[in-house]
Amino acid sequence: MSNNGHAILLVEDDHNDVLLIKRAFQKVNIANPIIVVNDGEQAISYLAGREPYVERALPMLVLLDLKLPRKSGHEVLEWLRQQSTLRRLPVVVLTASSESSDVNLAYDLGANSYLVKPVTFDSLVQMVKTLNLYWLILNKRADVSDE
Amino acid sequence: MRDEDKTREQLLKELIELRRQIVAHSIEGRLREEYKKIKESEEKYRGLFQNSNDAIFIIDMSGKILDVNQKFLDLFVYSKAEILSARMPEFVESDEQEKYQAAFQKIAGDGSATFEIDFKKKNGDCFPAEVSSSIFTLNGVEVIQGIVRNISERKRAEEEFSKYRKHLEEFVAQRTDQLEAVNKELESFAYSVSHDLRAPLRAMEGFASALLEDYKDRLDAVGQDYARRVVSAAQHMDTLIQDLLAYSRLSRSALKPSAVNLDSVLGEVMHQFNTEIQKIGAQIRVERPLPEVMGDHATLVQVLSNLLSNAIKFVQPGVRPMVKIWAEEKNGKVRLWVEDTGIGIAPEYHDRVFRIFERLQGVETYPGTGVGLAIVKKGLERMGGQAGVESAPGRGSKFWVELRTKGF
């Protein structure tokens with residue numbers, strides 16, 4: 001499987017947030033497609049290429065919410081970092097929680113970055129702009145492939 | 001001189017001496033006095049024995065009772081005649097006989113012993129007693145004398161005390177469990193406040209902003225004003241939630257004061273306010289170096305950023321804020337001052353401004369939540385310090401926080 005996917009996997013259960021994040025991506029003119037899954041189990045199924053995602057393309061970045069149905073973002077992260085090469089996928093946590101226990105655990109489990117969802121849309125746009133510049137343009141990618 | 005004469009002379013001398021002595025002290029009188037003294041002494045000791053507040057017994061080495069005092073009779077409710085025909089073990093509770101024998105052996109061996117034992121009264125009632133006894137010689141025969149103290153009261157008090165202590169321990173354990181549960185609940189509450197309550201706010205703010213942008217041409221001025229009000233209300237509520245969270249986190253998390261460099265704290269705060277300071281053209285003067293204090297770094301950052309934010313916010317419209325920050329060290333304490341050129345606070349409000357949700361100005365004029373100074377006060381309390389203000393309307397404010405100097 002190739003490592004040259006350009007999609008962003010957005011793991012987010014709040015439909016309003018999905019809409020706002022997509023809108024912010026539009027505002028910043030990011031062309032990368034956004035794939036949305038709504039809970040932790042779906043995220044793992046997608047990344048593992050299980051049904052119904054057998055034909056999926058690996059993303060170049062995972063935007064991960066923490067408080068998710070079925071499996072939390074922390075659990076997804078823990079699972080991901082145990083995979084042999086998938087573990088190299090950069091994960092940016094994007095969540096509402098700024099509790100230090102959440103932040104610390106996310107880094108302990110191997111998060112690459114931790115962003116707190118801002119309330120104002122303008123701030124979200126600024127955040128997405130920086131995210132695009134750093135993670136989608138500047139950042140050098142590792143080889144990520146299936147076994 | 002002849003021998004005979006010598007003896008006679010001698011005898012005469014002795015006779016004279018004897019007579020002198022008899023004249024000087026009446027031997028008979030002295031004897032009488034000695035007898036009286038002995039009698040007084042005997043009476044005194046008998047009195048001590050008889051009237052003692054403790055029950056006293058004297059037994060021989062076989063355990064036979066030789067004498068007891070009145071208190072002993074009162075305690076055991078026997079007549080003297082009944083007692084004098086008895087042996088000591090007869091008064092010991094049947095389950096305690098072995099213990100009595102052991103104690104008796106100890107007295108015989110060591111010469112004395114103090115022990116606790118249960119005695120039996122004539123009516124069969126038992127009572128716990130403390131006995132201290134020792135061997136002494138009476139008329140050339142070894143006997144044992146002992147003092148019996150009824151310790152029922154003490155025993156009851158001890159039991160009561162241990163019962164109370166046990167109860168207290170259980171109570172404390174139970175309360176601790178409850179508090180831990182409450183604390184856990186508060187934490188999860190704070191979590192859900194920070195996470196779940198802010199999600200709808202993002203939607204309100206985000207979509208109202210979207211209306212303003214994407215539907216601007218189809219919204220008239222009133223419609224746009226409404227949408228802007230939704231945006232600003234959502235933003236205000238977000239600030240409120242964040243402030244409340246910060247306040248509640250301060251109340252529940254344990255702070256371990258350690259040495260904190262105020263220069264580095266202030267550096268962090270200034271960095272945080274950099275953009276805003278430049279935007280409004282505020283002038284901040286800090287008298288460095290600032291000393292080290294005993295506190296918590298993160299809490300101090302929060303406290304100082306709240307004070308600085310107030311100092312540059314509460315100024316007359318159009319006035320360029322000027323803030324001076326310096327520290328005083330006295331008696332092992334550091335007082336950090338934040339002085340502004342703002343609108344000032346009337347003395348009657350100096351206490352009130354530190355209460356949560358207390359605001360002196362309308363949100364329209366000076367936006368805020370009324371939590372900032374409450375965080376300052378709570379934060380200082382949690383670090384074992386204090387906070388206060390000196391101010392008058394139109395004369396600016398001097399806020400201070402006081403903490404222990406590093407090492408104190």
Kindly provide log₁₀ I(q)/I(0) values, in the same order as q = 0.09, 0.11, 0.13 Å⁻¹, from the Debye equation applied to equal alpha-carbon scatterers of chain B. -0.75, -0.93, -1.15
Under a cut-off of 15 Å between alpha-carbon atoms, report the aspartates and glutamates in cross-link reach of residue B:406, not counting same-chain residues fewer than 8 places apart. B:263, B:292, B:296, B:328, B:329
Inter-label distance, nm, simple model (7 Å from Cα along the C-beta direction), residue A:126/residue B:181: 4.5
Ranking B:199, B:253, B:223 by how far each Cα lies towards the positive end of the charge dipole of region B:163-253 (+1 on Lys and Arg Cβ, -1 on Asp and Glu Cβ), the top one is B:253
Three-way shape label, region B:305-393, alpha-carbon gyration tensor, a/c 1.5: oblate
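Rounded to the nearest 5, what % of the DSSP beta bridges within the protein assembly as shown are antiparallel ones? Don't skip to the answer; put the middle values down first.
Numbers: 56 of 75 bridges.
Counting only bridges with both partners in the protein assembly as shown, antiparallel ones make up about 75 percent.
Determine, from the Cβ-Cβ distance of residue B:54 and residue B:174 and an R0 of 51 Å, the FRET efficiency 1/(1 + (r/R0)^6), rounded to the nearest 0.05.
Values: r = 44 Å, r/R0 = 0.86.
In this case the efficiency is close to 0.70.
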Descending semi-axes in Å of region B:92-167, equivalent ellipsoid built from Cα gyration tensor: 29, 14, 11
Dipole moment magnitude, nearest 20 debye, chain B about Cα centre, only Lys, Arg, Asp, Glu C-beta charged: 1080
Per-residue average of Cβ from other chains inside 10 Å of A:92-103: 3
So the pair-distance distribution of region A:8-138, from every Cα-Cα distance in 10 Å bins, comes to percents of 13, 47, 35, 5
If the elastic network links every pair of Cα atoms under 10 Å, which of B:44, B:313, B:184 fluctuates the most in the Gaussian network model of chain B? B:44
Scattering profile of region B:198-239 from the Debye formula, Cα beads only, expressed as log10 I(q)/I(0) at q = 0.14, 0.29, 0.30, 0.31 Å⁻¹, is -0.28, -0.92, -0.96, -1.00
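Quick check: convex hull over the Cα atoms of the protein assembly as shown, volume per residue in Å³, rounded to an integer? Display every interim value, and only then the final one.
Values: hull volume 249.6 nm³, N = 555.
So the per-residue Cα hull volume is 450 Å³.
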Using the basic label-point model (7 angstrom from Cα toward the beta carbon), what is the residue B:142 to residue B:80 distance in nanometres? 2.9
Label points 7 Å out from Cα along the Cβ direction at residue B:87 and residue B:160: separation in nm? 4.0
Please state the Cα pair-distance histogram of region B:58-217 with 5 angstrom bins from zero: what percent is in each bin? 2, 7, 11, 13, 10, 7, 5, 4, 4, 4, 3, 3, 3, 3, 3, 3, 3, 3, 3, 3, 2, 2, 1, 1, 0, 0
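Can you flag which of A:117/B:279; A:27/B:216; A:117/B:313; B:99/B:163; B:37/B:80 are past 19 Å Cα-Cα? Could the numbers behind the result be given before it?
Numbers: A:117/B:279 25 Å; A:27/B:216 16 Å; A:117/B:313 26 Å; B:99/B:163 26 Å; B:37/B:80 28 Å.
Pairs exceeding 19 Å: A:117/B:279; A:117/B:313; B:99/B:163; B:37/B:80.
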Under 18 Å Cα-Cα from residue B:378, which lysines qualify once same-chain neighbours fewer than 8 residues away are excluded? B:256
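May I ask for the net charge around residue B:339, where only other residues with Cβ less than 10 Å from the Cβ of residue B:339 are counted and Lys, Arg are +1 while Asp, Glu are -1? Write down the numbers at each step before the final one.
Working: positive: B:285, B:324, B:398; negative: B:340, B:390.
Local net charge: +1.
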Who wins for biggest fluctuation among B:202, B:20, B:175 in a Gaussian network model of chain B, springs between alpha carbons below 10 Å? B:20
All lysines inside 16 Å of residue B:44 as judged from Cα atoms, apart from same-chain residues fewer than 8 positions distant: B:36
Mean-square fluctuation check for chain A, GNM, Cα pairs under 10 Å: which of A:137, A:30, A:21 is largest? A:137
If you keep only loop residues by DSSP, which GluC sites (Glu not before Pro) in region A:9-61 have at most 16 other Cβ atoms within 10 Å of their Cβ? A:55
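FYI, it's all coordinate maths here, none of it is from the lab. As the structure is a prediction and not an experimental result, all values here were calculated from the model. So basically every Cβ, Gly included, is an ideal-geometry build from the backbone, and we count neighbours across all protein chains shown.
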